[in-house]
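Data first, discussion second: the structure below is written as structure tokens.
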């Protein structure tokens, strides 16, 4: 069934929201105020999910998507909207999500950080599809599907990653990749060296690893994931110098996937932060805890993933930070047994699901003076902030980082202080080693 729709706003997830015969309609790639013919795809919980058939009356802010895969590939949602307009729309989505889901009426500004809108990703997960003729397709899943969209060039990947993708697409590589289910590509900070991580059930892994390492320009490391671990050939890790600290990042470790805005995020998270004790929850390889260790007497960094925790230890040792203690466990397990209340600062950068309720309760009971919450999901951020605001915390500031232009993803930083316990005044920073 097709019908005419004029959406009223963009929502988190990349779709536009409108109404038809009294029911809510969600449709991608149609801008608010546009008149479009759309077709119902499915209905779930009373909400019509539709797809656009044609734009009858375009909005002035509509632009022509430069990518030939836009609309089929599931990676981007906003290429039909100019980057600066998309960033502004994301800020409004963040503001509205906090108000609607968290009942947070934030009246202050939301500070904006935006970088170049193209060629920004230094990591990508490439899906592999085997064809009847023996060749393979490399690309990304189509939207709402597990079908692979075969991609020659991705406009949001770094130049080096695109060059490696182009090499992998050459017919002579097909026989070496037929057993591969997916492969991760990561470029270093200079966009010069690439690490490839292979995933799949085949027995040809060792031969493929050697071939890739020796046969593709720029590939410095190839890893095979198996049994929860990694077999690595070549360089064991990539290097990411940032703010005077060189971060070692091994296969399986988490690091920010956008190569332009990470320095601004680290500055915002760590600025004016000093004191006796800081906790870094979901610490990764130490993106925040390493610089914090230069300004706090003690830093406790909590990371459950073994590869990231290992890199975190190595990064602390390499930079002479004995006051940075690595806790290789879940945030819940750490908080469950951690008894020291009144930490000066807690930094947390959880995954998309946010922080579980039990961990939040334990954290609030410790009454840290200040919390700095890095979020990649406005809905879970709204939920978690609502809880903390109900436990005596006040929201001091919100910043948004448009790490992933052309997509619906929103990164943000919220700073909270405990009412009646302001953050400690600044003291001279410790000298770096």
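The values are calculated or read from the model by the stated rules, or taken from the named source; none is laboratory data. All figures in this text were calculated on a predicted structure; none of them were measured in a lab. Virtual Cβ from ideal backbone geometry, glycine too; neighbours counted across all protein chains shown.
Okay, here's what the table says:
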quantity: Strands (runs of 3 or more DSSP E) enclosed by the range 206-250 - at least 1 residues per element that are modelled with pLDDT under 95, in the same structural domain as residue 160 (by TED's automatic domain parsing) and surrounded by fewer than 21 Cβ atoms within 10 Å (Cβ to Cβ); calculated: 219-226, 229-234
quantity: Residues within the range 262-279 that are surrounded by fewer than 21 Cβ atoms within 10 Å (Cβ to Cβ), touching a residue at least 12 places away in the same chain (Cβ under 8 Å) and either part of a loop (DSSP other than H, G, I, E, B) or outside the structural domain of residue 339 (by TED's automatic domain parsing) (or both), tallied; calculated: 1
quantity: Scan of the range 312-339 for residues that are farther than 14 Å from residue 285 by Cα and either in a strand (DSSP E or B) or touching a strand residue (DSSP E or B) at 6+ places or on another chain (Cβ under 7 Å) (or both), ordered by number; calculated: 323, 331, 334
quantity: Residue match in the range 92-113 (condition: outside the structural domain of residue 16 (by TED's automatic domain parsing), within 17 Å of the chain's Cα centre (by Cα), closer than 22 Å to residue 201 by Cα and surrounded by 15 or more Cβ atoms within 10 Å (Cβ to Cβ)); calculated: no
quantity: Which numbered condition residue 77 fails, given (1) surrounded by fewer than 18 Cβ atoms within 10 Å (Cβ to Cβ); (2) in a loop (DSSP other than H, G, I, E, B); calculated: (1)
quantity: Every residue from the range 21-54 that is over 29 Å from the mean Cα position of the chain (by Cα), buried (at least 17 other Cβ atoms within 10 Å of the Cβ) and not in a loop (DSSP other than H, G, I, E, B); calculated: 36, 38
quantity: Flag for residue 136 being touching a helix residue (DSSP H, G or I) at 6+ places or on another chain (Cβ under 7 Å), surrounded by 18 or more Cβ atoms within 10 Å (Cβ to Cβ) and assigned by TED's automatic domain parsing to the domain that holds residue 182; calculated: yes
quantity: Test result for residue 287, touching a helix residue (DSSP H, G or I) at 6+ places or on another chain (Cβ under 6 Å), touching a residue at least 12 places away in the same chain (Cβ under 8 Å) and assigned by TED's automatic domain parsing to the domain that holds residue 325; calculated: no
quantity: Residue list for the range 166-190, restricted to those being under 25 Å from the mean Cα position of the chain (by Cα) and either free of Cβ contacts under 8 Å to residues at least 40 places away in the same chain or at positive phi (or both); calculated: 166, 190
quantity: Any strands (runs of 3 or more DSSP E) falling wholly within the range 367-433 and containing at least 2 residues that are at pLDDT below 95 and more than 26 Å from residue 118 (Cα to Cα); calculated: none
quantity: Enumeration of residues in the range 251-261 that are farther than 25 Å from residue 111 by Cβ and buried (at least 20 other Cβ atoms within 10 Å of the Cβ); calculated: 251, 253
